[in-house]
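Just below is one structure, and these are the notes that go with it.
The values are calculated or read from the model by the stated rules, or taken from the named source; none is laboratory data. Keep in mind it's a predicted model, so treat the numbers as computed, not measured. Backbone-built Cβ (ideal geometry, glycine too); neighbour counts: all protein chains shown.
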Amino acid sequence: MQKPNAFDITTFKPHEDTNSILDLLEDVVTNDHTYLDKEAQDLVELGDEYSLQKDYKQAKFWWKKAAGKGSAKAHLRLAYYHRSVEWNYQKSVQNFKAAAKGGNVQAQCQVGELCYDSNNYKGAIKWFTRAAERGSTTAQRKLGNMYYTGTGVKKNLEFAAEWYHRIASEESITKHEVRNSHDAIHNKSESKEQAARNLTIRTRSILIYIVYYSVSDHIYTIAKEVQKGLESQGAKVKIFQIPDNFANVILPIVVRPWKNVPNINVDNLKDADGILWGIPIRFGSMPVQVKAFLDDTSRLLSSRALAGKFTGIFFSSSSRHDGQETTAFAALANFYRHGMLYVPLGFSFARIFDQTEFTNGFVYGAEAINDINAARKPTKEELDIAQKQGINFAKVVKAYRYGEQWEQQNLNKEFTAETTKTNRHGFVDTGTEKFSRLAELQAVDTLSSSVGLSSFL
């Protein structure tokens, strides 16, 4: 069985990440009740201490002791251990299942993902539901998506709306805001269709990822300017860096990863509406670190997870003749294979036409010129072009997503039929109320930035 590569979300090498296994557990709902045995708790914590010291052999020993006493958290750690330090797929799955049966919410989500990826949708629904009922927004989102798109289950917008409403209570949109959307449709004099459309336009927040690799300040500096442009258009932006798994072989002296910027993994990409890539040009092409990461995205092809997402590029190089076009073409080959939609900078910024003085940036994206000693800083013109690229990119993504939402609402006009029906909770829905529920679903779906649904799913 092939071992997953270095960019798998659960794959770490011990010498690369001090807290590799424990890092995967930091931001996860852990409200299971399997940690009641004080001795088992002490054993897990002892294993954690050894893991922090990179003594994974001892960590495994104590986690196994705790697992023998029924600790679901110990099983979860062993599951990740066998996906990183000592690769064993079967043992990893066995421990995930043991932790899930023991009530660990994160493990239930993982088993749900395993079932989903193997097209066992019945099993996926089972485990996602268990986790979702205990407050996991990840599982709630997966269930909402499955019912919304009809993936593995009969499409049911009301069930999808229920799970999206649960996400809304946990995240940025509040129940009060959802009620406001309901009132807006019932009380305003405008048509129901126009009310729903206006609600979507007012509340739609697109999620854009900026993903970069850098050995100097330049790409990061340009990325921050692109971020300013995106946020000026109301986009939510997250910045990630591509991890350097070749630092000990290539440029070991100058590699300076930004420690305050999280590393990207392939699975992160599923959530974004658009992705902008920061690529330094090296010998007329992209660095091997970027190429390896883009190659790794091939495991998303079968699920079409990136299809329909927007993408763009910005660059840094040591000269204006360093292979900008060849680098762009090499990247586009990856994007087009996924069915991604490339948004170039083009000549949308007047300064690019100005030939009276030295100006960087070209039709494929913004650019900063760097010298061999990294002494030259990006100019004001370069920063302005980067910000303009962010503005243009956000406008394109917003326009498309708004149109997509409007089309979906038109396709569901049957929800306005003046009939009544009692739903499974005993509430009577008129046709108008059913349309309102659909509008609420759309509002929650679009406001919850990490849902990332598209018609291509």
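One residue stands out among those in segment 62-97 that are among the polar types (S, T, N, Q) and within 19 Å of Tyr50 (Cα to Cα): the one that is surrounded by the fewest Cβ atoms within 10 Å (Cβ to Cβ), which is Ser84.
Screening Ala74, Ala107, Ala100, Ala131 for residues that are of a type in the set (A, V, I, L, M) and closer than 23 Å to Tyr148 by Cβ leaves exactly one candidate, Ala131. Here the condition is being at pLDDT 90 or above, closer than 30 Å to Ala160 by Cα and among the small types (Gly, Ala, Ser); of Ala124, Ala99, it holds for Ala124 alone. Residues considered: Ala223, Ala235. Of these, the only one that is farther than 16 Å from Val397 by Cβ, surrounded by 15 or more Cβ atoms within 10 Å (Cβ to Cβ), aliphatic (A, V, I, L, M) and modelled with pLDDT of 75 or more is Ala223.
Among the residues of segment 85-92, is there at least one that is at negative phi and in contact with a Gly (Cβ under 8 Å, 6 or more places away or on another chain)? Looking through segment 85-92, none of the residues is at negative phi and in contact with a Gly (Cβ under 8 Å, 6 or more places away or on another chain).
Which count do you get for residues in segment 140-157 that are of a type in the set (Gly, Ala, Ser) and either modelled with pLDDT of 90 or more or surrounded by fewer than 23 Cβ atoms within 10 Å (Cβ to Cβ) (or both)?
Taking segment 140-157 first, the residues of a type in the set (Gly, Ala, Ser) are 144, 150, 152.
Still in the running and either modelled with pLDDT of 90 or more or surrounded by fewer than 23 Cβ atoms within 10 Å (Cβ to Cβ) (or both): 150, 152.
Final tally of qualifying residues: 2.
If we scan segment 61-71, do we find a residue that is more than 21 Å from Lys101 (Cα to Cα) and more than 27 Å from the chain's Cα centre (by Cα)?
Applying the first criterion (more than 21 Å from Lys101 (Cα to Cα)) to segment 61-71 yields 61.
Right, trim to more than 27 Å from the chain's Cα centre (by Cα) and you get 61.
Checking segment 61-71: at least one residue is more than 21 Å from Lys101 (Cα to Cα) and more than 27 Å from the chain's Cα centre (by Cα).
Applying a threshold of 8 Å to beta carbon distances and a minimum spacing of six or more residues, or different chains, the list of pairs starting in segment 43-64 at a residue that is farther than 12 Å from Val85 by Cβ and ending at one that is among the β-branched types (Val, Ile, Thr) and at pLDDT 85 or above reads Trp62/Val44. Residues that are touching a Pro at 6+ places or on another chain (Cβ under 7 Å) and assigned to a strand (DSSP E or B) within segment 265-298 comprise just one, Pro280.
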